[in-house]
Amino acid sequence: MSVRTAIGAVGGAGVSMGSVLWRDYAQMLGLAVAVLEHPDPEPAWSSVLAELARGMHASAVSLSQASYAKRTGRVVAWKSAHALSQDYLDALTTRQLRADNPLVAHYTSARDHTPLSASQIMGERSWLRSRSHRLARQTLGAHMLGIPLPAPAGVARGFVLHHPQDDFTAEELAYARRVQPLLISIDSHYSALARWRAAATCATPSCSAPSRVASVTDPVERAAEAGLTPRQLTVLTLLAEAMPATAIARRLHISPRTVHKHIEGIYRGLGTCDRLSAVMRAQSLGLLPPPSPDP
């Protein structure tokens, strides 16, 4: 995928940027393209978080998920100048929830998915007087900003960034809004890959003729043998669910044109020419679960 194609794939965020912010955005865009096309299906959050921290001048950044009603949460990945353990970060997330973290409260109750700082949500004076601010000041940084990702109702999932002293600037907020579609696309890609891998691991190749692909037990290796990229696998999985290209585009947060390009690559890799034969071929190679037997 070229950078030009990727720009069209994720769409704009309606934010005008200066030359410095555009350069930072272009670097994140290049990273997103590399992540989406990389053959390793494991989440490359460390590189994404590092680039996000650099572009936002953040002292710490994490990918977190939390339920405001249950007051429970966990940190999926993080980047910080200090060595932190998973247990410490999960416990800190719980403490923030009990201190009425404004980011979690806002993104679980409002339909607004705009990246916002805690002071924007609460008002600067209320934020500086809050328990959540005191806890943030004592731990990862005095000011927080959230970049939300799609999540089930009642759950906040997204990136939390910290500044040690000053609040986030207007330019940094503009950058956050601009890169949000890229981050959503990466997250959707990895979520779809995880679902595919779980299903494909249980799939049993049923080729009638001997096949080098069918003899490979790991689904990722089977896909590589078939010449399919991880990005194509996510599209293939949704093709098998009978989703049209427009629905696949919405699910993966890319353009329908990009979806059609991936479908063409799937057909070439599997040696097929239509959706049905591609799905059947993928099932025979153990890349998709076999069809359910008729009741």
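The values are calculated or read from the model by the stated rules, or taken from the named source; none is laboratory data. Quick caveat: nothing in here was measured; it's all calculated off a predicted structure. Note that we place each Cβ from the backbone using ideal geometry, even for glycine, and neighbour counts take in every protein chain shown. SASA here: full protein model, heavy atoms, side chains in, ligands and nucleic acids out. Shrake-Rupley method; radii C 1.70, N 1.55, O 1.52, S 1.80 Å.
Each Lys and Arg contributes +1 and each Asp and Glu -1, all at the Cβ; summed about the Cα centre of the chain, the dipole is approximately 500 debye. For the chain, the longest principal axis of the C-alpha atoms and the axis of helix 170-201 are separated by about 40°. Each label point was placed 7 Å from the Cα along the Cα-to-Cβ direction; for residue 70 and residue 90 their separation is 1.3 nm. Suppose R0 equals 35 Å; then what is the FRET efficiency for residue 114 and residue 276 from their Cβ-Cβ distance, rounded to the nearest 0.05? E(calc), rounded to 0.05, equals 0.25. Here the accessible area is traced with a 1.4 Å probe on the protein chains. For the chain, carbon and sulfur cover 54 percent of it.
In square angstrom, what is the accessible area per residue of the chain with a 1.4 angstrom probe? Please report the intermediate quantities before stating the final value.
Numbers: 14200 Å² over 295 residues.
Result: 48 Å² of accessible area for each residue.
Placing a pseudo-label 7 Å from each Cα along the Cα-to-Cβ vector at residue 166 and residue 83 gives an inter-label distance of 3.2 nm.
Trypsin sites (Lys or Arg not before Pro), restricted to the range 91-156: which are DSSP loop and have at most 14 other Cβ atoms within 10 Å?
Numbers: sites: 95, 98, 111, 125, 129, 131, 134, 137; in loops: 111, 129.
Qualifying residues, ordered by number: 111, 129.
Largest mean-square fluctuation among 22, 196, 78, in a Gaussian network model of the chain whose springs join Cα atoms under 10 Å apart, belongs to 22. Under the simplified labelling scheme, the residue 129-residue 250 pair shows an inter-label distance of 4.4 nm, with each label point 7 Å from Cα along Cα→Cβ.
Helix 45-56 and the longest principal axis of the Cα set of the chain meet at an angle near 40°. This model, with +1 at the C-beta of Lys and Arg and -1 at the C-beta of Asp and Glu, gives the range 47-147 a dipole about its Cα centre of some 300 debye. Quick one: helix 256-270 against the long Cα principal axis of the chain, what's the angle to the nearest 10°, folded into 0 to 90? Long axis of 256-270 versus the principal axis of the chain: about 40 degrees. For the modelled label position 7 Å from the Cα of residue 37 along Cα-to-Cβ, which residues of the range 246-288 have backbone nitrogen atoms closer than 20 Å? Only 249, 252-270 pass the distance filter.
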